[in-house]
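Notes follow the structure.
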Amino acid sequence: MARPRKPLLSTDRIVETARALVDAEGLAAVSTRRLAAELGVSGPSLYNHFRTKDEILEAVADSVSAQVDLSMFEDGRDWRTALHDWAVSYRNALRDHPNIVPVLARGPGRRPAALRLADAAYGAMVEEGWPPAQATSIGALMRYFIMGSALGSFAGGFVDDASAYDPADYPHLGQAHLLAEQQEKIDERAFETGLAALLDGLALQYEQVRTGGPGPGTPAAP
């Protein structure tokens, strides 16, 4: 009986394996030697697909960017609704893969999915009447907010030991030890609160744009 053949090594298979490793153990766990062992191949065979570990991590980051829904920029939703829905999808993708966020935070570089993401958001804002410079600033602002929310948990940063919050020192933190057990609910509410405030502020700026009033100073678009 013929022995079962090993799955052929492919770029997608390397990226999927590396992403699972990053999710489980963090960026430091990824090495060509470790990946080769996980894939059941020799180390040099990886170099037929990627030249360096950094290229692999860039590909993993782009695979996460590709999970972000962009349909809201194409199906007729108004700019505010589109930005809200995009931000939620973007955050969900990062929340599922938080360990890759530091790589994503470097910017899109040459990553195709990340560039498509930036192009879709920027293009939609310009088509809705935002001046190019402000559309650039909106894209940057949304990226800062979304990635910041994915880098850590506010609620999860408080220990669940009531004795850590001596009322003599912290008179307003008597319930802080309860935050961690409601981490998901609190973090979700905080994200939606911040996103609504951000969009409210942009709506005021948009009215200035539409009426021809002075807008805030912004750098030139790239």
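Values as computed for the structure displayed
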quantity	calculated
Net length gained if the chain between Phe154 and Asp166 were fully extended (0.36 nm per residue, minus Cα distance)	2.3 nm
Shape call, the chain: gyration tensor on alpha carbons, a/c limit 1.5	oblate
Karplus 3J(HN,Hα) series, Hz, for the range 25-33 with 6.51 cos²θ - 1.76 cosθ + 1.60 (x for Gly, Pro)	10, x, 4, 5, 6, 7, 8, 5, 5
Surface share of carbon and sulfur [accessible, 1.4 angstrom probe, percent] for the range 115-222	58 percent
10 Å-binned pair-distance histogram of the range 52-171 (Cα, whole percent)	12, 39, 25, 13, 9, 2
Net charge of neighbours whose Cβ lies under 9 Å from the Cβ of Leu21, counting Lys and Arg as +1 and Asp and Glu as -1	-1
Karplus-derived HN-Hα couplings along the range 205-210 (A = 6.51, B = -1.76, C = 1.60, θ = phi - 60°), whole Hz, x at Gly and Pro	5, 5, 5, 5, 5, 5
Largest to smallest accessible area among Asp62, Asp166 [probe 1.4 Å]	Asp166, Asp62
Accessible area per residue, Å², the chain with all protein chains present, probe 1.4 Å	58 Å²
Förster radius 22 Å - calculated FRET efficiency between Ala28 and Arg51, Cβ distance, rounded to 0.05	0.65
Computed lengthening from Asp96 to Ala133, 0.36 nm per intervening residue step minus Cα-Cα distance	10.1 nm
Length gained when the stretch Lys185-Leu141 is fully extended (0.36 nm per residue, less Cα-Cα span)	13.4 nm
Value of [θ]222 nm, deg cm²/dmol, for the chain, DSSP H segments ≥ 4, -39500 (n - 2.57) each, nearest 500	-18500 deg cm²/dmol
Computed over the range 1-141: relative contact order in percent, which uses C-alpha pairs under 8 Å that are six or more apart	23 percent
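The values are calculated or read from the model by the stated rules, or taken from the named source; none is laboratory data. Note that the coordinates shown come from a computational prediction; the quantities given were computed from them, not determined experimentally. Note that we place each Cβ from the backbone using ideal geometry, even for glycine, and neighbour counts take in every protein chain shown. These accessible areas exclude ligands, DNA and RNA; they are computed on the full protein's heavy atoms, side chains included. Shrake-Rupley method; radii C 1.70, N 1.55, O 1.52, S 1.80 Å.
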